[in-house]
Amino acid sequence: MTPKEIEIEITKDGMVKTHLKGFKGEKCMEYARILEQLIGPAVSVEKTGEYYETETSIDVDVEGSRN
Amino acid sequence: MSAVIILAPIVIAAAWPAIAAAASAVMISIGYSVAQTVAETTKETVLQGVNARQTVELELKNSSEVGNSIGREEEITFTKDDIAVVFRRDVRGGLRVCVSGENHSKSELEELGQELAGKVIQQYVYNRVVNELQKSSGMTMIEQEVDEDETIRIKLRSWE
């Protein structure tokens, strides 16, 4: 399982940049909302490829396993 | 990587103890002393009765001012040499920094006020992240460092 990480930079003038890693889809937005509640409103959101993945499990039938 | 989010911190003025704690941590770490903590006693503060001082007052734009009164005015004063710095919350939640000094121009005092206000907001956000984010998200802080430019970097991790 991929760990979920949040990197936070707080500059000396108080601006905050957060980098959410390992979060997918709705889980990412859930943590984004927590950060907004704790710190303040988002002024910029850049979603990356992993954001658009979904946290689902897939059942795979392997051809030979049915015999 | 999932998302990069830039946030504009809001200092929740109703939480005065958290603001005063952040201000104290910052100011004491750079050599200031606490002069007063209660608004009602400001008549006795170091700012009174000194005529030759320059004074500037700055409003913190990212304070959570509300329409209705949230309680009494609060303030905390710090001094170092001839400089006095007052962090003040008014009854509507507006936060201000008042800096005064004898041998400094207004622009110098304004620059100092901006710098100190930024550091206090930085400390306030740091406290919120370290204390509240770990509690509400179940994440654990695994790294923390301070860059040469005084940016604080924190890394939290969860395996859930």
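The values are calculated or read from the model by the stated rules, or taken from the named source; none is laboratory data. From a predicted model like this one, the values you see are computed outputs, not experimental measurements. Neighbour counts are summed over all protein chains in view; Cβ atoms, including those assigned to glycine, are modelled from backbone coordinates with ideal geometry.
With respect to being surrounded by fewer than 17 Cβ atoms within 10 Å (Cβ to Cβ) and not in a helix (DSSP H, G or I), B:Glu148 fits the description.
Report yes if B:Glu110 is assigned to a helix (DSSP H, G or I) and either modelled with pLDDT under 90 or more than 8 Å from every other protein chain (Cβ to nearest Cβ) (or both), otherwise no. Before the answer, list the steps.
Numbers: assigned to a helix (DSSP H, G or I): yes; either modelled with pLDDT under 90 or more than 8 Å from every other protein chain (Cβ to nearest Cβ) (or both): yes.
Considered against the rule, which asks whether it is assigned to a helix (DSSP H, G or I) and either modelled with pLDDT under 90 or more than 8 Å from every other protein chain (Cβ to nearest Cβ) (or both), B:Glu110 comes out as yes.
Please find, within the range A:21-40, the residue that is modelled with the lowest pLDDT out of those that are more than 7 Å from chain B (Cβ to nearest Cβ) and under 11 Å from the mean Cα position of the chain (by Cα). By that ranking, first place goes to A:Gly25.
Among the residues of the range B:1-22, those that are away from chain A (no Cβ under 11 Å) and assigned to a loop (DSSP other than H, G, I, E, B) comprise B:Ala13, B:Ala14, B:Ala15. Cβ separations smaller than 9 Å between residues 6+ apart or across chains give the following pairs from the range B:134-150 residues that are more than 9 Å from chain A (Cβ to nearest Cβ) to residues that are of a type outside the set (A, V, I, L, M, F, W, C) and assigned to a helix (DSSP H, G or I): B:Thr140/B:Gln134; B:Met141/B:Gln134.
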